[in-house]
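First the structure, in the form of structure tokens, and then the observations on it.
The values are calculated or read from the model by the stated rules, or taken from the named source; none is laboratory data. Keep in mind it's a predicted model, so treat the numbers as computed, not measured. Cβ placement follows ideal geometry from the backbone for every residue including glycine, while neighbour counts extend to all protein chains displayed.
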Amino acid sequence: MQINITAKHLKLTDAIDSYVKQKISKAGKFFDGDAVRAHVILSVEKNRQITEVTFYIEGKAFRTKEESEDLYSSIDLTIDKLSKQLRKQKEISKIHRKENLKVAKSKEIKADVFSYDTMHDSRTKIAEIKRFDVHPISIEEAIIEMDSLNYRVYMFLNSSTDKINVLYRNDSGSIVMLEPEF
């Protein structure tokens, strides 16, 4: 398993590094191999210690983010959330394995994080850009993946129409799908 750790606004000590690697390894104990990767971002903003983990397995990404006043607590909360997602994925993969479904090849997901400091209006300021490979999946699979990643908005390539679709959860909790017309 490959584990990458990024520290923002704090010094990454050996103790923190080994603690994070130990926790990630423990959370991903059911998944092993070259296709399993984890990216951990540790950051400090004012008094908040923020931990964000993205765990890549079998072409899927699992993302959790937590914050607290203590860095170790933040790491523990994030890993607990990740463990729940991975256990759920393990159960889903058992079901899919029984149905003999193909597993997509692991694709590298790139995420660039930056902000445009020249923009003054916070509503038009881009805080983050995430780039990722899009592979064809069904609407049901997209909903499952959106829920497992805890995203409110999810973009995917619809396997039945070969068009990019967007799912989002509105304020009432219902799922809305945006589909382009050409």
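The table that follows gives values for the structure above.
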{"quantity": "Some residue of the range 81-90 being of a type in the set (Gly, Ala, Ser), assigned to a helix (DSSP H, G or I) and within 15 Å of the chain's Cα centre (by Cα)", "calculated": "yes"}
{"quantity": "Filter result (in contact with a strand residue (DSSP E or B) (Cβ under 8 Å, 6 or more places away or on another chain) and at pLDDT below 85) within the range 15-33", "calculated": "Ser25, Ala27, Gly28, Phe31"}
{"quantity": "Lone qualifier among Lys65, Lys102 - being surrounded by fewer than 18 Cβ atoms within 10 Å (Cβ to Cβ), modelled with pLDDT of 90 or more, under 30 Å from Glu141 (Cβ atoms) and among the charged types (D, E, K, R)", "calculated": "Lys65"}
{"quantity": "Val113 modelled with pLDDT under 85, β-branched (Val, Ile, Thr) and under 23 Å from His39 (Cβ atoms)", "calculated": "yes"}
{"quantity": "Pairs with Cβ under 6 Å, 6+ apart, first in the range 75-91 and within 11 Å of Gly28 (Cα to Cα), second part of a helix (DSSP H, G or I) and not acidic (Asp, Glu)", "calculated": "Ile79/Lys23; Ile79/Ala27; Leu82/Ala27; Ser83/Ala27; Gln85/Ser148"}
{"quantity": "The range 64-80: number of residues that are assigned to a helix (DSSP H, G or I) and over 15 Å from Val44 (Cβ atoms)", "calculated": "4"}
{"quantity": "First in the range 4-21 and over 11 Å from Thr51 (Cβ atoms) and free of Cβ contacts under 8 Å to residues at least 40 places away in the same chain, second anywhere and of a type in the set (Val, Ile, Thr) and in a helix (DSSP H, G or I), Cβ under 6 Å, 6 or more apart", "calculated": "none"}
{"quantity": "Residues being assigned to a helix (DSSP H, G or I) and either of a type in the set (Gly, Ala, Ser) or surrounded by fewer than 21 Cβ atoms within 10 Å (Cβ to Cβ) (or both) - total across the range 21-62", "calculated": "5"}
